[in-house]
1. Could you list, in sequence order, the residues of the range 1-30 that are assigned to a helix (DSSP H, G or I) and over 39 Å from the mean Cα position of the chain (by Cα)?
2. Tell me, please, whether a residue that is within 16 Å of residue 221 (Cα to Cα), under 25 Å from the mean Cα position of the chain (by Cα) and part of a helix (DSSP H, G or I) can be found in the range 234-244.
3. Specify the residue that is nearest to the chain's Cα centre (by Cα); the eligible residues are those in the range 253-292 that are under 15 Å from residue 197 (Cβ atoms) and either part of a loop (DSSP other than H, G, I, E, B) or without any contact (Cβ under 8 Å) to a residue 24 or more places away in the chain (or both).
4. Being in contact (Cβ under 8 Å) with a residue 40 or more places away in the chain and farther than 22 Å from residue 300 by Cα: is that true of residue 111 here?
5. With respect to the numbered conditions (1) crowded, with 20+ Cβ neighbours inside 10 Å; (2) without any contact (Cβ under 8 Å) to a residue 40 or more places away in the chain, which one is the sole condition not fulfilled by residue 210?
6. Can you confirm whether residue 137 is under 23 Å from residue 69 (Cβ atoms) and either in contact with a strand residue (DSSP E or B) (Cβ under 7 Å, 6 or more places away or on another chain) or crowded, with 20+ Cβ neighbours inside 10 Å (or both)?
7. Go through the range 172-202 and report how many residues are in a helix (DSSP H, G or I) and either more than 22 Å from the chain's Cα centre (by Cα) or in the same structural domain as residue 131 (by TED's automatic domain parsing) (or both).
8. Which residue out of 100, 130 is surrounded by fewer than 19 Cβ atoms within 10 Å (Cβ to Cβ) and either modelled with pLDDT of 95 or more or over 16 Å from residue 301 (Cα atoms) (or both)?
């Protein structure tokens, strides 16, 4: 059974002061005397008081909270992005309200409706594709918005990210420069960035006079999925001698499958991933991957958003934070 929470009056009665004095302390401790500050803080701790911010957030001009919508809570990419965001928001005294939408624009719409109901001061999005209802709500809210993970696609307001197409093109070129000619692209989820990377891969293949070959699935990425997609590539394209994967999970799964099959990497099967997860440094051979500055991206996004909230001038053009190729030992 849900327990009755202590309220402001309980705290006031504990010390023998008015409820308004406790309320002033919670809004700004410096509004009460130093002696009372200590007493109120002790009473709040003893009672286990939990502030109810909802009325303030709904009535005040600012809530000191920002909304963050993430497509995945298990993907290390977005865990790193969120860590970067919170290093900035925590230091500025802002709360982050996080919603998860599983790469579904329709679910993003539901989560967005909920977040905007808390009178958030700004919004961080991780996709470019939004429903018409989401776009109307964002326009009605009239708050600063920043989109991440992509520095090229058109954005609603501000954006920070990198060029997924060019990153994929350069990694595919690196594979081909090592003499491989039957490179297959492995993708999952079929989200917009997976498709952007496919375009970059296909561009590099055609520039080399080669035919692009793709094997993709709608399910989420995993090591198991990487192994399965490699087997499917071998079935469809028996000459496959190299793989470019949309992320490191698929690449590592494919590498494990090569070991199971007795295939030498990179001599018999070259493999490259994307994002530079920690596991890419621990594999043998070390995985080739595109290093993306995810935590920096979160920091930049939060800094730009808070600057706009404070009324400061912010360049509306997308901020490209770049990427680097880590060739490793697997291609």
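1. 9, 10, 11, 12, 13, 14, 15, 19, 20, 21
2. No, that holds for no residue.
3. For the range 253-292, the residue satisfying everything is 292.
4. Here the answer is yes, as residue 111 does meet what is asked.
5. The failed condition is (1).
6. No, not satisfied.
7. 8
8. None of the other options fit; the residue is 100.
The values are calculated or read from the model by the stated rules, or taken from the named source; none is laboratory data. This is a predicted model, so every value here is computed, not measured. Cβ: placed from backbone, ideal geometry, glycine included. Neighbour counts: every protein chain shown.
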